[in-house]
Each structure stands twice: as structure tokens, then as C-alpha cells.
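*Asks:* Handing you a structure now.
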Amino acid sequence: MAFWPGFSSDSFLFMFVPQSGKTNIVLSALFTNFENMQSSSNSLVNFFYETPVSLRQREQLKSFVLTIFKKEKKKLSGINYIFCTDKRILEINRQFLQHDYYTDIITFELSAPGAPVEAEVYISVDRVKDNALQVGAPYYKELHRVIFHGVLHLCGYKDKTAAQEQEMRRKEDHYLRLYFK
């Protein structure tokens, strides 16, 4: 059994085995502020915390994530959001992507091609706070932008070129307007 380093030993044990049979990034981890936001065992969107996050109206947010998948015509099997620190996201970036830099989000699609989306989305709360300050946006809006950004990646949107980045930003803004109307 593998353990993700850095989680306190006095916390709850979480294990997720995707239906596709693929192993997820966090095979078994001890979460400090473990919170499984499932209202039932059939919840497709879940939030987990290594670091505290101010995230209001979680059930509404989970429902809106499902709405984005529906509007983008993508089926969802399950998505886990893991809120972490800069330190953790740098470790993940180095270990799994061979990138040696901080980022606000890393999205791992775990499903087979053509299958409903199964994913883990790691969000650095530290980066989101810094990004919000840099662009002059409220923290809560930047956090939601990053959450929606992960969904858009899973729906097929890319952001490697200037044109792709512009389209991604347009979609993020669209869903932020819908969510916060």
C-alpha cells in the first residue's frame, strides 16, 4: 500500500479505485482536513483537502461542475478535487509530469479514451491566492476559475497556444458569469 507523503497520520484513510480499473495518483493517502462532500454514495464530484480552503455553497458548485460537463457534451464518471499547497503541487509536477515549477492546477484524466471522464484535479491554494492578487480578482472567483479550468481541460480544451489560451479564458469567463449570475 502506497502512502502520499505529508498527510498527518491521525486523519482519515481515503482510497479511490476508479471504475476503469486504472490506478489513480493517490492510491492511498492520509488527509489532514479530510472532507468527503458526497451527499450520497453516488456523488460524481468530490472535494478533499490537504490545506484549508474557503469554499462556499459546495453542493451548488458540485452541481454546476456537472452542468459544465453536460453543456460540453461530456459524460462524467467521477472527479476528485484535491486542494493542496505549492509544495505538494511542485512534488506532483516533478514526479508525474517532469516539470520543475509551480502551477495552480494539475489535471489527470484517468479514463480510457471514449469512456466517461474519471479524473483527479490538484489545485494549489497558494498559487490561486497569489494569482488572485496579481490579476486583482477576488480569491473566491479565482478559485472557481481554476476549478472550471480543470473541467474544461477534461472536456477537451487546451491552453498551449495563444489561441487555445484565449478560447480557454473565454470559456472560463462564460461559466463564471453563469455561476455567479
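*Asks:* Given the pairs LYS62/LYS160; LYS75/LYS129; LYS71/LYS158; LYS73/LYS160, which span a C-alpha to C-alpha distance of over 24 angstrom in this model?
*Replies:* LYS62/LYS160; LYS75/LYS129
*Asks:* For the stretch 141-181, count the residues as N, evaluate 2.2 N^0.38 Å, and divide the Cα radius of gyration by that value, please.
*Replies:* 1.08
*Asks:* Any chance you could get the radius of gyration and Dmax over the Cα atoms of the stretch 97-166, in Å?
*Replies:* Answer for the stretch 97-166, Rg first and Dmax second: 13.2, 39 Å.
*Asks:* Okay, next question. Classify the stretch 53-127 from the C-alpha gyration tensor, please: rounded if a/c falls under 1.5, else prolate or oblate depending on whether a/b exceeds b/c.
*Replies:* Oblate, because a/c is 1.5 or more while a/b does not exceed b/c.
Bear in mind that the values in this text are calculations on the coordinates, not laboratory data. Please read these numbers as outputs of a predicted model, since none were measured by experiment.
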